[in-house]
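The values are calculated or read from the model by the stated rules, or taken from the named source; none is laboratory data. As the structure is a prediction and not an experimental result, all values here were calculated from the model. Virtual Cβ from ideal backbone geometry, glycine too; neighbours counted across all protein chains shown. Remember, those area values only see protein heavy atoms, side chains included, never the ligands or the DNA or RNA. Shrake-Rupley method; radii C 1.70, N 1.55, O 1.52, S 1.80 Å.
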Amino acid sequence: MAWLLLLVITLFSLFLSLTESISIDCGTTGSYVDSNNVTWVGDNGFVTTGKPMNNTDVVTKPINTLRYFPTGQTNCYTNIPVTKGRKNLVRTKYYYENYDGNYSPPSFDVIYDGKHRDSIEITESSVNDEERFYFSELIFAPANENISVCFFRTSPSHNPFISSIEVYSFDTGMYADLGPNEGLILQERYTYGAEESISYPLDPYGRLWLPSGSEYSLSLTDLKTSAPSIDITGVSNKPPEIVMSKALSGDSLILSNMGLIPLTGLPVYLALYFSEPQSLGRTQRRSFNVFLDDTKVGSRPIVPVFGKATQVILRDVVATSGSQIVFQSTDDSVLPPIINGLELYSISNSRDGGGGGGSKPQANNAVGGGAKNNGGKKKKNKLPLILGLTFTFAFVIFSSAVGATFLRKRQIVKLQSNTTQTTSAGSGLGTGMSPLVEQQFASDANDSYIVQDERH
């Protein structure tokens, strides 16, 4: 019976994993598997309002359909399955492309699970590029097994709409310093020294990492690791190894142009990731401090380790659109500072009382990158469509197992009787990235530490 119990546990675990990710193609019915082996399900059963629309000028799924809401102040998708109590990433995607013929890209709010509000501002009537889209993204820990995603009308002349909704479940321990009622609303996420963006399967958690390299300044250098592999086990947020394999380096390195954060400021969550790309000699040393404006990030100088990842987190400090992240070498360092990856979020429902929903004026993270590009595959989603087959298969196995158990008992009886922004050097000035950016897909516990600002 032990093997039967193991079988039942395995099948139950399979059932639980069905809610770990889901991709909803809004405005369509049925389901399909795209060219990247991603399973998409239509939005029937998730929404009862709004009108589906085919965008006749668009051929790429899922952005060739959408659902728009011509009536009502608030319209909601409900019963979206998530992993209860664990951190989940929810991404909503928007591809306007003048579907209504009005040449009037709308602005509206999206509210995740009734708690976390982000503002959507579509700024282009027609992108003419099906590999670019606007999106909003939230990381939080749902209190229930299902969540809602609602769209709130902020202007009587603007109709909210939605192209797709995606959910990814994170491993236990990721973003562990996020409070149970808090949410992280994405502002920026970069892979430095890279030319192509990173997503699943290179990031198994579905995060989108935009590239940022030395093209923004002649004083910066792109670096690539010579390590055969990079250990990320000591880094709780688990940045993809490919993000840690490249870096950006430069004397007096400065990251700026945080244009998505309002001038009035928001409490933020900043995660920086480092890995030494070279095997240093005895006389070589790379050591530096990092500051977000006047606040030091981390309690000690950062000394990246070859072949290992280090993360440093700063939260609850207020940043504005004019904030800068400044890297300063220590006196004993002979090599310039580096950075491999960055995540910047505003904190919704901050435990310090700041960062309430709706305070970010422009959340139109926009990214190119259809799934057809390098590394653009998404995680296979476990959907209601396969539940019937799964349970049928499970029932057949269970029935066979019970029969085999009975046969085995009979034999025993018989035998008894006979077991995955702007950069500059010095000045902090640069071209930066526009809100609509093309995307080309392509340690020890001591390596992770958190700093919380205590001044407010």
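In a shell of Cβ-Cβ distance under 13 Å around Met53, excluding Met53 itself, what net charge do Lys and Arg (+1) and Asp and Glu (-1) give?
Numbers: positive: Lys51, Arg67; negative: Asp25, Asp43, Asp57, Glu97, Asp100.
Combined, the nearby Lys, Arg, Asp and Glu give -3.
Sorted by packing (mean other beta-carbon atoms within 10 Å per residue), highest first, where do 322-329, 140-147, 100-107 land?
322-329, 140-147, 100-107
Please report the relative contact order for the stretch 18-169, taking Cα pairs under 8 Å with a sequence separation of at least 6, and give it as a percent rounded to a whole number.
33
For the stretch 183-271, what is the charge dipole size about the Cα centre, in debye to the nearest 20, if Lys and Arg each add +1 at the Cβ and Asp and Glu each add -1 at the Cβ? Present the calculation step by step, with values, prior to reporting the outcome.
Working: 5 positive and 9 negative charges, 47 e Å.
With Lys and Arg at +1 and Asp and Glu at -1, about 220 debye.
Under the rule a/c < 1.5 gives rounded, and otherwise a/b versus b/c splits prolate from oblate, where does the stretch 18-169 land using the Cα gyration tensor?
On the way: a/c = 1.73, a/b = 1.25, b/c = 1.38.
Verdict is oblate for the stretch 18-169.
List residues of the stretch 104-148, by number, whose backbone nitrogen lies under 16 Å from a label position 7 Å along Cα→C-beta of Asp57.
104-106, 123-134
When you count, for each residue, the other Cβ atoms within 10 Å and take the mean per peptide, how do 155-166, 31-42 rank with the highest first? If you can, show how the numbers build up before the last one.
On the way: 155-166: 19.8, 31-42: 16.9.
Top of the packing list down: 155-166, 31-42.
Give the carbon-plus-sulfur fraction of the accessible surface of the stretch 18-169 in %, rounded to a whole number; probe 1.4 Å, heavy atoms of protein chains only.
Numbers: 2410 of 5570 Å².
Using a 1.4 Å probe with all protein chains present, the stretch 18-169 comes out at 43 percent carbon and sulfur.
Place +1 on the Cβ of every Lys and Arg and -1 on the Cβ of every Asp and Glu in the stretch 187-238, take the dipole about the Cα centre, and give the residue among Gly206, Pro228, Tyr192 whose Cα lies farthest towards its positive end.
The Cα lying farthest towards the positive end belongs to Gly206.
Roughly how many debye, to the nearest 20, is the charge dipole of the stretch 156-310 about its Cα centre, given +1 on each Lys and Arg Cβ, -1 on each Asp and Glu Cβ, and no other charges?
Value, rounded to 20: 500 debye.
Can you give the FRET efficiency for Gln284 and Leu218, using 1/(1 + (r/R0)^6), R0 = 25 Å, r = Cβ-Cβ distance, to the nearest 0.05?
0.55
Which whole-Hz ³J(HN,Hα) couplings does the stretch 323-329 yield from phi under the Karplus relation 6.51 cos²θ - 1.76 cosθ + 1.60, θ = phi - 60°, glycine and proline marked x?
With the stated coefficients, the stretch 323-329 comes to 5, 9, 9, 10, 10, 10, 5 Hz.
How charged is the neighbourhood of Ile111? Take every other residue with its Cβ under 11 Å from the Cβ of Ile111, and add Lys/Arg as +1 and Asp/Glu as -1.
-1
What accessible area per residue comes out for the stretch 18-169, rounded to a whole number of Å², with a 1.4 Å probe?
37
How large, in percent, is the carbon and sulfur part of the accessible surface of the stretch 177-353 at a probe radius of 1.4 Å?
Its accessible area is 50 percent carbon and sulfur atoms.
Rounded to whole Hz and in sequence order, give me ³J(HN,Hα) for the stretch 114-130 from the Karplus expression 6.51 cos²θ - 1.76 cosθ + 1.60, θ = phi - 60°, writing x for Gly and Pro.
My calculation for the stretch 114-130 gives x, 10, 10, 10, 10, 9, 9, 9, 7, 10, 10, 5, 9, 8, 6, 8, 6 Hz in order.
Rounded to the nearest 20 debye, what is the charge dipole size of the stretch 18-169 about its Cα centre when +1 sits on each Lys and Arg Cβ and -1 on each Asp and Glu Cβ?
Details: 12 positive and 18 negative charges, 112 e Å.
Dipole magnitude for the stretch 18-169 comes out near 540 debye.
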